[in-house]
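To keep things clear, I will list the structure first and then write my remarks on it.
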Amino acid sequence: MDERTADVVILGAGPAGLVLANLLRRDGVDCVVLERADREHVQTRARAGFLAANSVRVLDRHGLSAGLHERGHTHHTCEFRTEEGRFRLDYSGLGLGEQHTVYPQQHLVTDLLAQFLDSGGQVRFGAEALAVHDADGERPSVSVREGDGTTTRWRARYVAGCDGRHGAARTALPPTTRYQHRDHQVSWLGLLVEAPPSLDAVGYAVHPRGFAGHMARTATTTRYYLQCERGTPADAWSEERIWEELDLRMGAQKYGPLHRGPVIQRTVVDLQSDLLEPLRHGSLLLAGDAASLLSPSAAKGANLAILEAELLAGALADDLLRADPRGLDTYSERCLPYIHRAQAFSRWMIDLLHGPEGRDPAPAPPRGWPRADLASLRDSRAEQDWFAEHYVGV
Ligand code: APR
């Protein structure tokens with residue numbers, strides 16, 4: 001078997017892996033990124049799109065933000081709709097006064113990849129990590145099926161598991177790792193539509209037929225979500241039905257029509273969250289979705305991944321270049337409070353957008369409609385400040 005070495009072997013070329021790779025490379029740490037998919041797939045996969053102010057600061061700090069400042073746009077308003085009415089929150093004037101930058105994740109990944117490769121970084125596409133070996137020792141290794149079908153063994157000093165929820169890093173953890181998983185009992189049909197955004201705000205519609213969401217992506221594409229029954233296949237709904245449901249739940253008749261266009265990507269997301277604790281097992285360190293899965297209800301996944309990647313890069317560089325292991329020793333405990341807060345807020349958003357009664361699509365209208373939590377968000381400045389701080393923050 002072919003053997004290769006790098007000080008840090010990074011599994012996965014998502015936001016976590018690529019921010020980490022860029023920061024390590026800039027510091028002069030020898031690293032390689034192993035990515036199961038091909039480059040085209042990684043650069044076109046539509047995912048999140050809302051970057052928190054802190055994520056932009058991290059990317060600014062390390063010279064990784066030129067693309068998002070050039071092509072992204074800032075966003076600071078969300079609108080809640082029910083059958084009874086609607087209200088808007090301009091969160092840039094609430095809480096910490098921060099706003100989002102809308103920049104589709106695939107564009108960010110494209111920028112991060114280009115920057116890493118241009119600086120001489122090495123990414124092996126089509127290279128699937130099969131297993132991480134000897135993670136509890138000082139010379140871990142990763143067996144990899146390369147794109148041409150051959151198997152390689154990568155030896156490292158550290159392995160960074162940035163390979164998501166179904167990657168190889170998670171399977172290498174010992175049974176003592178604490179695993180918490182939550183199924184939120186809600187499913188969303190996620191749609192990418194080729195049409196400009198229909199409103200200048202994130203739209204959240206809380207409707208007796210189920211939740212509907214509207215999120216800007218670019219001038220010509222928009223993300224919509226429709227709560228659907230668990231187990232619904234992604235292609236079950238015709239485009240006609242999709243637009244009927246979106247119109248109805250978003251109150252298009254009352255509040256103005258939605259810009260229609262072809263649905264170019266669709267997936268069903270079962271809202272779940274989980275967490276593996278600690279995030280370090282010997283020489284294996286977890287970041288991004290590999291460490292904790294977040295439901296998309298508050299768009300926190302990519303933002304946490306960026307924050308963790310920065311912490312991990314600093315800790316690895318301190319250890320490898322300055323023989324200072326303290327950053328790695330405390331990596332897990334420094335990340336966990338951010339993860340706990342993001343998960344708590346994401347859960348709160350799920351309850352706000354569906355409500356305990358609303359988790360069943362097409363339930364009887366909840367009692368006391370409009371709901372008390374929405375009403376206090378509409379009316380209470382203290383509640384709005386709290387919301388804004390957590391909604392944009394990580
Ligand atoms: N070997 C190599 N690569 C792998 C393997 C494997 N065994 N398994 C998965 N991968 C790759 C995937 O193909 C993917 O490109 O790991 C990468 C993980 O990237 P993301 O799923 O984007 O995860 P992460 O970098 O943690 O991003 C965090 O952004 O939009 C959100 O939902 C997304 O919350 C997630 C976040």
task = Considering each residue of the range 154-164, count those that are outside any loop (DSSP other than H, G, I, E, B), open to solvent by less than 50 Å² (accessible area, probe 1.4 Å) and of a type outside the set (Phe, Trp, Tyr), and give that number.
result = 3
inquiry  = Taking the criterion of being open to solvent by 40 Å² or more (accessible area, probe 1.4 Å) and without any contact (Cβ under 8 Å) to a residue 40 or more places away in the chain, would at least one residue in the range 78-86 satisfy it?
reply    = no
ask   = Among the helices (runs of 4 or more DSSP H) contained in the range 1-109, which hold 3 or more residues that are away from the ligand (no atom under 16 Å from the Cβ) and modelled with pLDDT of 95 or more?
value = 15-27, 53-61, 66-71
query = Within the range 88-98, is there a residue that is open to solvent by 20 Å² or more (accessible area, probe 1.4 Å), touching a Leu at 6+ places or on another chain (Cβ under 7 Å) and of a type outside the set (A, V, I, L, M, F, W, C)?
reply = no
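A quick yes/no check of all residues on (1) among the hydrophobic types (A, V, I, L, M, F, W, C); (2) closer than 24 Å to Leu59 by Cα; (3) away from the ligand (no atom under 16 Å from the Cβ):
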position: Gln227; (1), (2), (3): no, no, yes
position: Arg230; (1), (2), (3): no, no, yes
position: Glu240; (1), (2), (3): no, no, yes
position: Leu258; (1), (2), (3): yes, no, yes
position: Ile264; (1), (2), (3): yes, no, yes
position: Gly288; (1), (2), (3): no, yes, no
position: Asp318; (1), (2), (3): no, yes, yes
position: Tyr331; (1), (2), (3): no, yes, no
key: Any helices (runs of 4 or more DSSP H) falling wholly within the range 284-358 and containing at least 3 residues that are open to solvent by less than 10 Å² (accessible area, probe 1.4 Å) and of a type outside the set (A, V, I, L, M)   = 331-358
request  = Give just the number: which of (1) part of a loop (DSSP other than H, G, I, E, B); (2) loosely packed, with under 12 Cβ neighbours inside 10 Å does Gln253 not satisfy?
outcome  = (1)
inquiry  = Tell me yes or no: at least one residue of the range 35-51 is over 25 Å from Pro296 (Cβ atoms), out of contact with any Lys or Arg (no Cβ under 9 Å at 6 or more places or on another chain) and not aliphatic (A, V, I, L, M).
reply    = no
request  = Output yes when any residue across the range 147-167 is within 13 Å of the ligand (Cβ to nearest atom) and among the aromatic types (Phe, Trp, Tyr), and no when none is.
outcome  = yes
ask   = Taking the condition open to solvent by 60 Å² or more (accessible area, probe 1.4 Å), within 16 Å of the ligand (Cβ to nearest atom), aliphatic (A, V, I, L, M) and in contact with a strand residue (DSSP E or B) (Cβ under 9 Å, 6 or more places away or on another chain), does Leu130 pass?
value = yes
note = All conditions in (1) over 19 Å from Asn303 (Cβ atoms); (2) open to solvent by 50 Å² or more (accessible area, probe 1.4 Å) are true of Asp60 except (1)
ask   = Mind checking whether some residue in the range 36-43 is surrounded by 21 or more Cβ atoms within 10 Å (Cβ to Cβ) and over 18 Å from the mean Cα position of the chain (by Cα)?
value = yes
ask   = What single numbered condition from (1) in contact with a helix residue (DSSP H, G or I) (Cβ under 9 Å, 6 or more places away or on another chain); (2) farther than 26 Å from Gly28 by Cβ; (3) within 16 Å of the ligand (Cβ to nearest atom); (4) not acidic (Asp, Glu) fails to hold for Gln272?
value = (1)
message = Going residue by residue through the range 234-242, is there one that turns out to be surrounded by fewer than 21 Cβ atoms within 10 Å (Cβ to Cβ) and of a type in the set (Ser, Thr, Tyr)?
response = yes
note = Filtering the range 249-267 down to residues that are in contact with a Gly (Cβ under 8 Å, 6 or more places away or on another chain) and farther than 17 Å from Ser238 by Cα yields Met250
task = Have a look at Arg266, Arg209, Arg182 and point out the one that is surrounded by 15 or more Cβ atoms within 10 Å (Cβ to Cβ) and within 30 Å of Arg280 (Cα to Cα).
result = Arg182
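The values are calculated or read from the model by the stated rules, or taken from the named source; none is laboratory data. Since we're looking at a predicted model, the values are computed, not measured. Here Cβ is always computed from backbone atoms with ideal geometry, including for glycine, and neighbour counts include all displayed protein chains. For accessibility, only protein heavy atoms count, side chains too; no ligands or nucleic acids. Shrake-Rupley method; radii C 1.70, N 1.55, O 1.52, S 1.80 Å.
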